[in-house]
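The values are calculated or read from the model by the stated rules, or taken from the named source; none is laboratory data. The shown structure was predicted, so the numbers you read here are calculated from the model rather than taken from an experiment. Cβ coordinates were reconstructed from backbone atoms using ideal geometry, including for glycine residues, and neighbour counts include every protein chain displayed.
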């Protein structure tokens, strides 16, 4: 293998695939990145795979000699990121006496590195989807769905299906993204303005993808144009996201996803409209005291004053109160929440004003944006001693 | 106690004294900040003290009622830093039935906090220096001395005197700052252009101050003008730095400081001049491989090529080489260093070019800036197998 490329191309593509390099690999070769030089295409392909998530990327290079090998991902990235801008040349040194002893010379203007690699033949192949279904989605819709849902999935991977985001097609509503960790639920309906992409949705789509893999997908999508499209293909066990020179593969989580639609109340006796940023900053303030104890905030909705009062009490330490104007429909009520769950949802709702709809103090509450995104965030209130 | 002040004044002064709040206080009251409202002066004084380092600061406020109390430093700071800009009012609530039960109401435009405090009478007094010696120093000289020396002190407080910076007056050279952790030594001669301040130096000054306290002093000095002056007063056990409305006190370390001047060679058989930034970035590059193993870099000084070659070898992983132009006087030589020690000193030397002076591979090497700061950084080389 022999090629010359720019430091910035190699650096940015290494950072990208590094997200799929496991920090504690079960198989030592997974700590390496697979590098394939394609002389015909004049391209370098990089691959990393942690057995759930796989990322492949390619970039242009002046390839003088085909070849492949794997190199320690972190070490290579640490070196390349510190090199000055300019050309880098990589050449393998095969040891004729020992096929397993592979070294590369990495040469830049200021000096040279010699790094020991492992043969590419030992690297596991990235999963593929041969006969699965296919969908084309605009980047904007996918990003909107992920940003509005993935945060609500469980961070605990032993929670299996709850650690994923559920993608589902509905005859009426197009594509829906949902995530829940058992304490809160977030549902986003994708905005598929292009009728073609809606028609292309298979009516039966219903897969749950690990949120961890989707967070990496979200970062990768951030560099694309909102109108670019992503090709999804999936079978029972794998999903592949293809976009130009890049690809992300993920395992699909097994099991039936909870019937979350049943959890969302259809009717509400109360509605409170408030300024979202003001609510977030007030919650951040009172959270200082809540953190000391139980992380609970009390909402006192006051119809007569047109006011929402947040209050927190930390025994032996102190109390906090913050008030803000609110448009209230229905009777006044006191209701309490876990601040962390509230904050996560309020940060994902992207509009200036938001609507909180509720019934009684012990029944689920939903938060929705006023205009824009079609998102529903459901939180269960907590009990407080009066 | 009752006063009104601006959020930004209270916030910046709390951040300042917080540096002297111990993270694990031996006495629980030291986790609090002492707050004194002075109606006559229309000022608020804040004090924090970790038994070694003490910081006091004052700022203007509309004081309606004298008083003092202590409040949980971290909690108060967390609240005030999150409040919007504007006025804040603090009022104490004394409980007539229980003198120990002190609460304050902190009120801002958006709401109110109630925080429980502890009586100010329990807070230990900040050490003072009554009959000690006094010096006046310009901020620029003190900052130059601290920046060039404090990093070389031992971070291990059990190393006693080596965890401090030694301040010393010399008849010829004015004021000198020195720090060593046993592996390297840094000495800075203060630039006292103002003859008055030189004359004011007591000929016998010789104190060692904990580097940790001096790092906080360095941060506080950063906000002053270089030509501002600092009043130092010290006795056998304490030193006080006074500057306008702020004061820092520190314990003085006991014991004789090592006779470091004897360690610095007077004559050298070799001299190498290089670009400092280029040397730092090359060391950062080869350090990627050195970190894997022993943190050692080899310098190959080549007189004929006019070159300095840095090289590192990490067994089973790889090798790195970086070359740069160098002006060499004396014979070529190979010599090795611990990269960390080199880097610390090179970052503190502030000129574009630096001079490395040495004798043999096993004798101390000194690094000095070309022009500007009068600083000497001494490092012991390490042995490498050839």
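Data for the structure
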{"quantity": "Filter result for residue B:263 (within 14 Å of chain A (Cβ to nearest Cβ) and in contact with a strand residue (DSSP E or B) (Cβ under 9 Å, 6 or more places away or on another chain))", "calculated": "no"}
{"quantity": "Matching residues, the stretch A:60-77, being outside any strand (DSSP E or B), within 14 Å of another protein chain (Cβ to nearest Cβ) and surrounded by 20 or more Cβ atoms within 10 Å (Cβ to Cβ)", "calculated": "A:73, A:75, A:76, A:77"}
{"quantity": "Residue within the stretch A:93-106 that is closer than 19 Å to residue A:21 by Cα, facing chain B (nearest Cβ under 10 Å) and modelled with pLDDT of 95 or more present", "calculated": "no"}
{"quantity": "Any chance residue B:316 is loosely packed, with under 15 Cβ neighbours inside 10 Å, over 21 Å from residue A:110 (Cα atoms), in contact with a strand residue (DSSP E or B) (Cβ under 8 Å, 6 or more places away or on another chain) and within 14 Å of chain A (Cβ to nearest Cβ)", "calculated": "yes"}
{"quantity": "Any hit, the stretch B:278-286, residues being farther than 26 Å from residue B:371 by Cβ and either within 7 Å of chain A (Cβ to nearest Cβ) or crowded, with 18+ Cβ neighbours inside 10 Å (or both)", "calculated": "yes"}
{"quantity": "Any hit, the stretch A:130-138, residues being under 23 Å from residue A:15 (Cα atoms) and either surrounded by 22 or more Cβ atoms within 10 Å (Cβ to Cβ) or touching a residue at least 12 places away in the same chain (Cβ under 8 Å) (or both)", "calculated": "no"}
{"quantity": "Residue in the stretch A:236-252 that is within 14 Å of another protein chain (Cβ to nearest Cβ) and either assigned to a strand (DSSP E or B) or under 17 Å from the mean Cα position of the chain (by Cα) (or both) present", "calculated": "no"}
{"quantity": "Top-ranked residue of the stretch B:293-318 - restricted to ones that are at pLDDT 95 or above and over 38 Å from the mean Cα position of the chain (by Cα), ranked as nearest to residue B:329 (Cα to Cα)", "calculated": "B:303"}
{"quantity": "The stretch A:292-313 - residue that is under 20 Å from residue B:81 (Cβ atoms) and in contact (Cβ under 8 Å) with a residue 40 or more places away in the chain and, of those, farthest from the other protein chains (Cβ to nearest Cβ)", "calculated": "A:295"}
{"quantity": "Test: residue in the stretch A:31-48 that is within 14 Å of chain B (Cβ to nearest Cβ) and buried (at least 18 other Cβ atoms within 10 Å of the Cβ)", "calculated": "yes"}
{"quantity": "The stretch B:357-386 residues that are free of Cβ contacts under 8 Å to residues at least 12 places away in the same chain, paired with ones that are part of a strand (DSSP E or B) (beta carbon under 7 Å, 6 or more apart)", "calculated": "none"}
{"quantity": "Test for residue B:142: is it in contact with a strand residue (DSSP E or B) (Cβ under 7 Å, 6 or more places away or on another chain) and away from chain A (no Cβ under 14 Å)", "calculated": "yes"}
{"quantity": "All strands (runs of 3 or more DSSP E) inside the stretch A:78-184 with 2 or more residues being within 30 Å of the chain's Cα centre (by Cα)", "calculated": "A:133-138, A:164-170, A:174-180"}
{"quantity": "Number of positions in the stretch A:319-341 that are surrounded by fewer than 20 Cβ atoms within 10 Å (Cβ to Cβ) and either under 11 Å from residue B:111 (Cβ atoms) or facing chain B (nearest Cβ under 8 Å) (or both)", "calculated": "3"}
{"quantity": "Residues (on the phi > 0 side of the Ramachandran plot and touching a helix residue (DSSP H, G or I) at 6+ places or on another chain (Cβ under 7 Å)) located in the stretch A:134-182", "calculated": "A:174, A:182"}
{"quantity": "Selection status of residue B:344, more than 14 Å from chain A (Cβ to nearest Cβ), within 30 Å of residue B:210 (Cβ to Cβ) and surrounded by fewer than 18 Cβ atoms within 10 Å (Cβ to Cβ)", "calculated": "yes"}
